[in-house]
Amino acid sequence: TGLVLCGLCYGVWADIARDLRDGREAYRKKDVARLAQISADMDGSLFANYGRYWLISSQIQQIDKAVVKQYLRDYSDSYLANNLRGEWLKAMGERADWSEFASEYPKVHKPDQDLQCYQLQAQQAANAADVAYLRAAKALWLTEKDLPNACTPVFNGLFKAQHITTEDLWRRIRLALE
């Protein structure tokens with residue numbers, strides 16, 4: 001019976017490994033139909049969150065927010081949920097959907113520069129550009145890294161309002177050259 005049980009376990013594991021491999025490949029190709037099938041096949045397994053993540057993430061620009069929110073509730077403390085929340089926030093930022101963005105942004109762990117800039121855009125849109133906003137925007141401005149396109153509207157606003165000075169501009173150039 002031990003050999004039979006071991007053989008069954010191997011078969012189950014081989015199916016899971018195949019689904020994970022195929023799911024990753026379908027995700028890379030943005031093959032939504034294949035992802036839907038793989039997600040259904042993985043439903044109920046320990047790795048069901050991967051199938052659902054790939055399926056939702058591949059459609060993040062147009063998927064119903066209820067589907068995203070359900071995934072975020074179901075897998076709230078997972079690495080994949082945090083990634084999905086970040087992807088969803090970026091999609092909302094690109095669409096300037098600031099009301100939904102504002103409610104989800106505080107839940108993200110370690111936001112990247114894109115998300116930080118979208119958060120600043122949301123504050124700008126809500127006329128909530130206070131001292132903390134200016135401090136955060138200037139801190140991003142004075143980084144050595146290339147800044148994402150999401151930051152351009154923020155910095156344009158700061159230039160227009162004369163919150164970034166010529167001296168700040170030169171500091172940024174020097175940092176970029178170092």
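The values are calculated or read from the model by the stated rules, or taken from the named source; none is laboratory data. Please read all numbers here as calculations on a predicted model, not as lab measurements. Cβ placement follows ideal geometry from the backbone for every residue including glycine, while neighbour counts extend to all protein chains displayed. Remember, those area values only see protein heavy atoms, side chains included, never the ligands or the DNA or RNA. Shrake-Rupley method; radii C 1.70, N 1.55, O 1.52, S 1.80 Å.
Figures for the structure shown
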read-out: Filter pass, Glu167 being charged (D, E, K, R) and part of a helix (DSSP H, G or I); value: yes
read-out: Within the stretch 97-110, considering residues that are in contact with a helix residue (DSSP H, G or I) (Cβ under 7 Å, 6 or more places away or on another chain) and assigned to a loop (DSSP other than H, G, I, E, B), the one nearest to Lys65 (Cα to Cα); value: Val108
read-out: Pairs, first within 12 Å of Trp141 (Cα to Cα) in the stretch 153-167, second outside any helix (DSSP H, G or I), C-beta under 7 Å, six or more apart; value: Phe155/Ile164; Leu158/Ile164
read-out: Candidate set from the stretch 144-178 (those that are of a type in the set (Val, Ile, Thr) and open to solvent by less than 30 Å² (accessible area, probe 1.4 Å)); member that is nearest to the chain's Cα centre (by Cα); value: Val154
read-out: Any hit, the stretch 41-54, residues being assigned to a helix (DSSP H, G or I), without any contact (Cβ under 8 Å) to a residue 12 or more places away in the chain and open to solvent by 50 Å² or more (accessible area, probe 1.4 Å); value: no
read-out: Residue among Gln61, Gln113, Gln70 that is open to solvent by less than 60 Å² (accessible area, probe 1.4 Å) and either without any contact (Cβ under 8 Å) to a residue 40 or more places away in the chain or of a type in the set (S, T, N, Q) (or both); value: Gln113
read-out: Hits in the stretch 128-160 - residues which are assigned to a loop (DSSP other than H, G, I, E, B), of a type outside the set (Asp, Glu) and either touching an Asp or Glu at 6+ places or on another chain (Cβ under 8 Å) or modelled with pLDDT under 85 (or both); value: Ala128, Ala129, Leu142, Thr143, Lys145, Pro148
read-out: Among (1) modelled with pLDDT under 95; (2) under 30 Å from Asp64 (Cα atoms); (3) open to solvent by less than 30 Å² (accessible area, probe 1.4 Å) - the single one Gln124 does not satisfy; value: (3)
read-out: Failed condition for Arg95, given (1) under 30 Å from Lys160 (Cβ atoms); (2) touching a residue at least 12 places away in the same chain (Cβ under 8 Å); value: (2)
read-out: Number of the exception - Leu140 against (1) loosely packed, with under 11 Cβ neighbours inside 10 Å; (2) within 21 Å of Glu94 (Cβ to Cβ); (3) not charged (D, E, K, R); value: (1)
